[in-house]
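Only the coordinates and a few stated rules stand behind these numbers; no lab work does. Every value quoted in this text rests on a predicted model; they were computed, and no experiment measured them. Counting neighbours? That spans all protein chains shown, and the Cβs are built from the backbone with ideal geometry, glycine included.
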Amino acid sequence: MSNRDNFAGGFLLGTILGGIVGGAIGAIVGAKLAEDNNKPAENGNRPEPRPRKLKKRQFAEQAGMETARRSLENKIAQLNDAIDDVRQQLSHVNGTTVEETESVSALMEES
């Protein structure tokens, strides 16, 4: 029974001392890092912060989105050209011109 009492007391004492020592080390290291970040650079300007992984990931995503947007714009332009070609081919088959077809479409939309 006395072993259990000694274990509980030692565990509690170790937890308290560990918390105090860990807190003190954290405060010292935190103060040192804050001091280093606030120091001006040799040329008098503050150092630029380094981009973090999150920022790098955002830049990569933005670059990927820009590439996808350009690709989609090119495909849309190709589809519009194909649609215009088919419209011209169909207008020659039916014997009507594109302008006549568009004017008929406009009249139908008005009614």
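Counting 0.36 nm for each residue step from A27 to K55 and taking away their Cα separation leaves a gain of 7.3 nm.
Our estimate of slack between D85 and L13, defined as 0.36 nm per intervening residue step minus the Cα-Cα distance, is 17.4 nm. For the range 82-93, putting each phi into the Karplus relation 6.51 cos²θ - 1.76 cosθ + 1.60 with θ = phi - 60° gives couplings of 5, 5, 4, 4, 5, 4, 5, 5, 5, 5, 6, 5 Hz, in residue order, rounded to whole numbers and with x for Gly and Pro. Note that the range 9-25 has calculated 3J(HN,Hα) couplings of x, x, 5, 5, 5, x, 5, 5, 5, x, x, 5, 5, x, x, 5, 5 Hz, one per residue in order, obtained from phi through the Karplus relation 6.51 cos²θ - 1.76 cosθ + 1.60 (θ = phi - 60°); glycine and proline are x. Taking Cβ atoms as reference points and 15 Å as the exclusive limit, the residues near A63 contribute a net charge of +3, counting Lys and Arg as +1 and Asp and Glu as -1.
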